[in-house]
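Quick notes on the structure that follows.
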Amino acid sequence: MWDDKLKLFAEEKVTRDDNIFRMSKDVDPVSASGSTSRGDTYHTTSLGFNLDVPVSRQRFQVDYSWNATRFNRLTDLDFNGHDARAVWLWQLGNDASGQLGYAETFALASFANTQSTTPDPLKTQQAFFNAAYLVTPRWRLQAGVSGLELSNGAPAFQALDLDVLYTEVAVSYVTPANNSVGLSARTEDGRYPKSLTDNSYRQYRVGVVADWAPTGVSHVSARADRVSRRYAQVSQQALDFDGNTARAEYDWKPTGKFSLAGLCSGTSSRTRILAPASCS
């Protein structure tokens, strides 16, 4: 609609999950969930719209999706949620550009994270601003700040509510083909506002970032970082760590209606694997 600026959509998905609560095979499902079966089939109905409006050299995007999930057997998990996002892609002259936006998601938290059969409605809110400036035709300076809030609906998990403030600066060399490689430094300040103890932490990340378009329909982005996290309280300092992270993402869009994305990431330290390498 509106010369393709506005798109409405409706979607119906049917999913069969053979381990809804992400229970170990050694756990008796009857004692854990009161059912002899670990799995269930559920239906998700989604309604929403995508709005993309260019105004001169600016661009405004708004996406919204309402979704309703209904389980065949585990009806206590029935849930209505939403995804929302609003972004201003701003441009100032030929050398300065960036994004100002807000995103919100309301969905059930993964049972793999809660280690419980209690449903936990999780609201995720994020506000962000970033800017890039071409100091010269070959060197680009970038900076950004964003805030993240995670709010758990179930009282049992509200001590895990999390507020995080991110800041990042980067400098990159840009080729005539708009490929780039550079250095990035990022800080992360996190706190748990409803926790009975001070679990706040500060994390530093320094590394190499790269962006490459091998063809007109494909794109590769990658980064490798050295990460250091420190907790404020002495009782939490056993969780301090220093490690390495790596992430690579490939996007391929041969037509306007078909796209394919691949992602690989991993995190490790000398003392333990923090997040095993994975690809999807």
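Since every read-out is calculated from the coordinates, none of them should be taken as a lab result. Values in this document were obtained by computation on a predicted structure and should not be read as measured data. Virtual Cβ from ideal backbone geometry, glycine too; neighbours counted across all protein chains shown.
Things worth noting here:
- Student exercise, segment 129-201 dipole from Lys, Arg, Asp, Glu Cβ charges, in Debye to nearest 20: 380 debye
- Hz values of 3J(HN,Hα) by residue in segment 199-204 - Karplus curve (6.51, -1.76, 1.60), Gly and Pro given as x: 9, 5, 8, 10, 10, 10
- Set LYS13/LYS123; LYS25/LYS123; LYS123/LYS257 screened for pairs whose C-alpha atoms are more than 25 Å apart: LYS25/LYS123; LYS123/LYS257
- Stretchable slack from VAL206 to PHE60, in nm (0.36 nm times residue separation minus alpha-carbon distance): 49.4 nm
- Lys, Arg +1 and Asp, Glu -1 on Cβ, resulting dipole of the chain about Cα centre, debye, nearest 20: 680 debye
- A simple spin-label model places the labels of SER218 and SER97 2.3 nm from each other, with each point 7 Å out along Cα-to-Cβ.
- Projected onto its three principal axes, the C-alpha set of segment 116-185 covers 54, 19, 16 Å, listed from the longest axis down.
- Across the options LEU148, ALA86, GLN58, the greatest Cα extent toward the positive end of the charge dipole of the chain (unit charges at beta carbon of Lys, Arg, Asp, Glu) belongs to GLN58.
- With both labels modelled 7 Å from their Cα along Cα-to-Cβ, the THR197 to ALA112 distance reads 2.7 nm.
- Residue-by-residue Karplus 3J(HN,Hα) for segment 125-139, coefficients 6.51, -1.76, 1.60, Hz, glycine and proline x: 10, 9, 10, 8, 9, 9, 9, 10, 9, 7, 5, 9, x, 10, 10
- Relative to the current alpha-carbon distance between HIS82 and LEU6, full extension at 0.36 nm per residue lengthens the span by 25.5 nm.
- Dipole in debye (nearest 20) - segment 196-280, about Cα centre, beta carbon charges: Lys, Arg +1; Asp, Glu -1: 40 debye
- Net charge in the neighbourhood of GLN237 (other residues with Cβ under 11 Å of its Cβ; Lys, Arg +1, Asp, Glu -1) is +1.
- Percentage relative contact order, the chain, counting C-alpha pairs under 8 Å, at least six apart: 8 percent
- Per-pair calculated FRET efficiency, R0 = 30 Å: ASP18 and ARG247 via Cβ, rounded to 0.05: 0.55
- Size estimate for segment 177-280 follows the Kirkwood approach: the inverse of mean 1/r over distinct Cα pairs works out to 16.1 Å.
- FRET efficiency, 1/(1 + (r/R0)^6) with R0 30 Å, evaluated for ASN130 and LEU239 via beta carbons: 0.55
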